[in-house]
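**Student:** The structure's right below; bear with me while I get my questions together.
Just so it is clear, none of the values below were taken in a lab; they were calculated from the coordinates. Treat the numbers as computed from the prediction; the structure is a model and nothing was measured. Cβ placement follows ideal geometry from the backbone for every residue including glycine, while neighbour counts extend to all protein chains displayed.
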Amino acid sequence: MFTKAILRKPGRSLVKGLRSSDLGTPDHSLALRQHASYVEALWQCGLETIVLEADEDYPDSVFIEDVALLTPCCAVITRPGAESRRGEIYEMKKVLGEHYEQIYEIEKPGTIEAGDIMMVGKHFFIGISERTNIEGARQMISFLESNGMAGSTIDLEKVLHLKTGVAYLENNNLLACSEFLKRKEFSSFNIIDVDPAESYAANCIWVNDNVLVPSGYPITRQRIKDAGYKTIEVDVSEFRKLDGGLSCLSLRF
Ligand code: GLY
């Protein structure tokens, strides 16, 4: 179970965030309202939230999940593969120092963004992507192993981050879009298949037996309900314009 989450408000510079699609420019006022609704959804799941002020120097810093991996016994500050995001880590070091005694840091030439890391109990799947390299994964796995945990890598084909396409919902249930339906690494999970027309909804988050689902994806929401979960819809349309999803917007621990 999680008890807390760290988030960062979106700044006005959000409009300059990295993006691979042409879904338009995010509306800052709407993004702020959507962010506030997301915080409320985490409250509904019983979490205490720590909301950092916007950092205008880093347009993508609202996607706070990418800059740290939080585990039950240690935290790891990442080294983002996107150069424009590297400086996001400095404030995280201060913030995490208030919550963790053991904090590691990924070093050059390693790169890793925690959107590429999916926690399944004590095992962490790490996507090798344009943002996360083998050396970053190697360093991460060594930190995990020295704390009684484990990790393994999985090559990504199409998605930006591993959790763009797959979400672990606990109880051996894995929500997965097409790229991951037949992967041997995930063959032991019960797969909840995301319809290709709703592939964005593969990025859901499990929070204390609730599943947060992006608004506007009814087939996926129903499949998650049918698997026995209570769902909470959250509109993240403005973050989607920057390839961001529900998981990217918080660090849950
Ligand atoms: N815009 C989110 C990212 O590319 O990191």
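**Student:** Which lysines, on any chain, are close to LYS230 with Cα under 25 Å apart, when same-chain ones fewer than 8 places away are left out?
**Tutor:** LYS4, LYS122, LYS163
**Student:** Here is a further query. Given the peptides 155-165, 203-213, arrange them by the average over their residues of other C-beta atoms within 10 Å, most packed first. The partial results should precede the final answer.
**Tutor:** On the way: 155-165: 20.2, 203-213: 22.6.
Most protected by this proxy first, the peptides run 203-213, 155-165.
**Student:** To the nearest µm²/s, what D does Stokes-Einstein give for region 139-253 at 4 °C and 1.567 mPa s, using the Kirkwood radius over alpha carbon pairs as Rh? Present the calculation step by step, with values, prior to reporting the outcome.
**Tutor:** On the way: Rh = 14.8 Å.
It comes out at roughly 87 µm²/s.
**Student:** Something else now. Sort HIS123, HIS35 so the one with the fewest other Cβ atoms within 10 Å of its own Cβ comes first.
**Tutor:** Details: HIS123 13, HIS35 23.
By the 10 Å Cβ count, ascending, the order reads HIS123, HIS35.
**Student:** Under 13 Å Cα to Cα from LYS241, which aspartates and glutamates show up? Leave out anything in the same chain fewer than 8 places away.
**Tutor:** ASP22, ASP27, ASP60
**Student:** Ranked by Cβ crowding within 10 angstrom, fewest neighbours first, how are CYS73, CYS177, CYS45, CYS248 ordered?
**Tutor:** CYS73, CYS45, CYS177, CYS248
**Student:** In whole Hz and in residue order, list the ³J(HN,Hα) couplings for region 179-191 that follow from phi through the Karplus curve 6.51 cos²θ - 1.76 cosθ + 1.60, θ = phi - 60°; x for Gly and Pro.
**Tutor:** For region 179-191, the Karplus curve yields 4, 10, 5, 10, 6, 5, 4, 10, 5, 8, 8, 7, 8 Hz.
**Student:** Considering amide H positions built from the backbone, and no H for Pro or chain starts, which residues 5 or more places from LEU52, or on another chain, come under 5 Å of its amide H?
**Tutor:** When sequence neighbours closer than 5 places are left aside, the close amide H contacts are LEU7, ARG8, LYS9.
**Student:** For a quick check: with amide H placed at 1.01 Å from N, whose amide H comes under 5 Å from GLY151's, ignoring anything fewer than 5 positions away on the same chain?
**Tutor:** PHE124
**Student:** Going out from 0 in 5 Å bins, what whole percent of all Cα-Cα distances in the chain drops into each bin?
**Tutor:** Answer for the chain: a P(r) of 1, 6, 14, 19, 21, 19, 13, 5, 1 percent.
**Student:** How would region 1-112 be classified by its alpha-carbon gyration tensor: rounded, prolate or oblate, with rounded meaning a/c under 1.5 and the a/b versus b/c comparison settling the rest? Intermediate values should be presented prior to the final figure.
**Tutor:** Values: a/c = 2.11, a/b = 1.14, b/c = 1.85.
Oblate.
**Student:** Fewest Cβ neighbours within 10 Å first, please rank PHE239, PHE143 accordingly.
**Tutor:** Sorted ascending by nearby Cβ count, the order is PHE143, PHE239.
**Student:** Scan around GLU233 for amide H atoms under 5 Å from its own, H built in the peptide plane at 1.01 Å from N, and keep only partners 5 or more places away or cross-chain.
**Tutor:** Counting only residues 5 or more places away or on other chains, the set is VAL213.
**Student:** Further question on the same structure: DSSP H helices in the chain with Cα extent of 20 Å or more along the helix axis and mean Kyte-Doolittle hydropathy at least -0.5?
**Tutor:** Values: long enough: 28-44 (24 Å, -0.25).
Result, helices passing both filters: 28-44.
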